[in-house]
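In what follows, a single structure is set out as structure tokens and then discussed.
Throughout, read-outs are computed from the coordinates displayed, never taken from laboratory work. Computed from a predicted model, the values in this text were never measured in an experiment. Heads up, the Cβs are rebuilt from the backbone with ideal geometry, glycines too, and the neighbour counts pull from every protein chain shown.
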Amino acid sequence: MSAAPAGFAALFAPYTLRSVTVPNRVWMAAMCQYSAEAVGPDAGVAQDWHFAHYAARAVGGAGLIIQEATAVSPEGRISPYDLGIWNDTQVEALRRITSFVKAQGVVPGIQIAHAGRKASTDRTWTGGAPLGPGEHGWQPVAPSAVPFAEGHPLPHELTVDEIHAITARFAAATERALTAGYEVVEIHGAHGYLIGEFLSPHSNKRTDEYGGSFENRTRFALEVVDAVRAVWPRELPLFFRISATDWLEEDGWTGDETVRLARLLQEHGVDLLDVSTGGLAPGVKIPVGPGYQVPFAARVKAETSLPVAAVGLITEPEQAEKILANGEADAVLLGRELLREPYWARRAAAELGAEVRTPAPYHRSW
Ligand SMILES: Cc1cc2nc3c(=O)[nH]c(=O)nc-3n(C[C@H](O)[C@H](O)[C@H](O)COP(=O)(O)O)c2cc1C
């Protein structure tokens, strides 16, 4: 292989998936803002906060913005303050965001989600405790009637008809995402929310066709993928976010199962696996440190042909560049670092001798 040309940075090489070309590999990870109205006609509707938040990261040069977990149905919200995509008022407000993001040459993506048994909790900054019906809360649903943790409510165990209805909600949300102008849909299968709860034997105790064997535990995930892919245009990419491990010593979802599912996801039309970890069970030991989840992405990349994105404590331009140059991932997703520094991509480009698009009114500053 010939050496990369001087000034070449893998981090700033464009990346094409289906017909969408993302201008670089610095992507913004989904991060809930818990800043929508909880009830009334504006429930789940994007506000000025959401516009300003995403607009700043688009101006800041991220190549792709994956909007926060956006609920496919009211009871699929993590908190009552989550964004939703179950009605047309929500679509109209989101269109303003996608249109601005696209005008910056940045690809707008959306994470569609159902929180399962981890639904109906307070905002993280007021403690994140489960909310009762008097506090805009509701009874969560799950594959099995097993609460997330002590003090969390007993979830309602979904019937097969109810599972099918939620799958249809994911499809309807995808159709709305297209109307709202998104170019990437990411299905949230990670962090112990509904799809992850079906995957893990720790939370899925079902004895019907949705529980037990690997084939049965992955059935809901694959049905959601099929339903979404059926309505999402062929020319647009579909991502799936997974927790590659529950970090449980016993009865958790494993790295081996992740690799096995990754191959199936690709067969079902998923274009990229966003590889995170954890979130299914409280109190597990996680060896948190710089890039601690990268090996999970690298393993999927090495053992399958599905493209992957790495996430988790990726904060330095050199670190991100190495992950790509070593072939451990096809892109990096930044979360908290982009909250601290919306213009991180600009700094990284400067440090790596690469270029990132500058909005015309700012030309005199760079
Ligand atoms: C405020 C906040 C909100 C988050 N919300 C989501 C979310 O909506 N969906 C999701 O998949 N992950 C969510 N995450 C996890 C991030 O996407 C990311 O995986 C995690 O923060 C690790 O990356 P980082 O070290 O770059 O922050 C959230 C994280 C933070 C800090």
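Output the 0 to 90 degree angle, nearest 10, between the alpha-carbon long axis of helix 219-231 and the longest principal axis computed from the alpha carbons of the chain. That helix lies at roughly 60 degrees to the long axis.
When you restrict to C-alpha pairs under 8 Å that are six or more residues apart and normalise by the size of the chain, the relative contact order lands at 17 percent. Model label points for Ser305 and Trp138, set 7 angstrom from Cα along the Cα-to-Cβ axis, are 4.2 nm apart. By the count of other C-beta atoms within 10 Å, a proxy for reagent exposure, His114, His156 are ordered fewest to most as His156, His114.
Between Ser243, Ser305, Ser120, the residue with the greatest mean-square fluctuation in the GNM of the chain (Cα pairs under 10 Å linked by springs) is Ser305. Please give the net charge around Pro342, taking every other residue with its beta carbon less than 14 angstrom from that of Pro342, where Lys and Arg add +1 and Asp and Glu add -1. Cβ neighbours under 14 Å give a net charge of +3. Working note: 222 nm ellipticity from helices only, DSSP H runs with n ≥ 4, each -39,500 (n - 2.57), summed and divided by the residues of the chain, gives -9500 deg cm²/dmol to the nearest 500. Build a GNM of the chain with springs between Cα atoms under 10 Å apart, and of Ala30, Ala354, Ala69 the one that fluctuates most is Ala354. Across the chain, the fraction of Cα-Cα pairs farther apart than 34 Å, rounded to a whole number, is 22%. In this structure the amide hydrogen of Ile314, modeled in the peptide plane, comes within under 5 Å of the amide hydrogens of Gly291, Gly335, none closer than 5 places in sequence on its chain.
Annotation for Leu222 and Ile286: the two label points, set 7 Å from Cα along the Cα-Cβ direction, are 2.8 nm apart. Taking the Cα centre of region 1-99 as origin and assigning +1 to Lys and Arg Cβ atoms and -1 to Asp and Glu Cβ atoms, the resulting dipole is close to 540 debye. For Arg340, project a label point 7 Å along Cα to C-beta. Then give me every residue of region 9-36 with its amide nitrogen under 20 Å of that point. Inside the label zone: 26-33.
Extension gain, Ser365 to Lys102, is 92.5 nm, computed as 0.36 nm per intervening residue step minus the present C-alpha separation. Separation of region 161-208 and region 312-366, taken as the distance between their Cα centroids, equals 30 angstrom. With respect to the chain, whose longest principal axis is taken over its alpha-carbon atoms, helix 88-103 is tilted by about 20°. In this simple spin-label approximation, Leu154 and Ala56 carry label points 7 Å from Cα along the Cα→Cβ vector, and these lie 4.4 nm apart.
Taking Cα atoms only, the orientation of helix 255-267 departs from the longest principal axis of the chain by about 80 degrees.
Can you tell me the dipole magnitude for the chain around its Cα centre, using point charges on the Cβ only (Lys, Arg +1; Asp, Glu -1), in Debye to the nearest 20?
960 debye
Using a 10 angstrom cutoff on alpha carbons, build the Gaussian network for the chain and name the most mobile of Leu11, Leu194, Leu352. It is Leu352.
Relative contact order of region 246-366, taken over Cα pairs closer than 8 Å and 6 or more residues apart, is 20 percent.
Among Trp27, Trp253, Trp125, which comes first, then next, by fewest other beta-carbon atoms within 10 Å?
Least crowded to most crowded, the residues run Trp125, Trp27, Trp253.
Packing-based ranking of 270-276, 282-288 yields 270-276, 282-288, ordered from highest to lowest mean Cβ neighbour count within 10 Å. Taking the centroid of alpha carbons for each part, region 265-287 and region 89-152 are 18 Å apart.
Grab the other residues whose beta carbon is less than 12 angstrom from that of Asp274, score K and R as +1, D and E as -1, and report the net. Within the 12 Å Cβ shell, the charges total -2. Ordering Asp246, Asp256, Asp48 from the fewest to the most neighbouring beta carbons within 10 Å gives Asp48, Asp256, Asp246.
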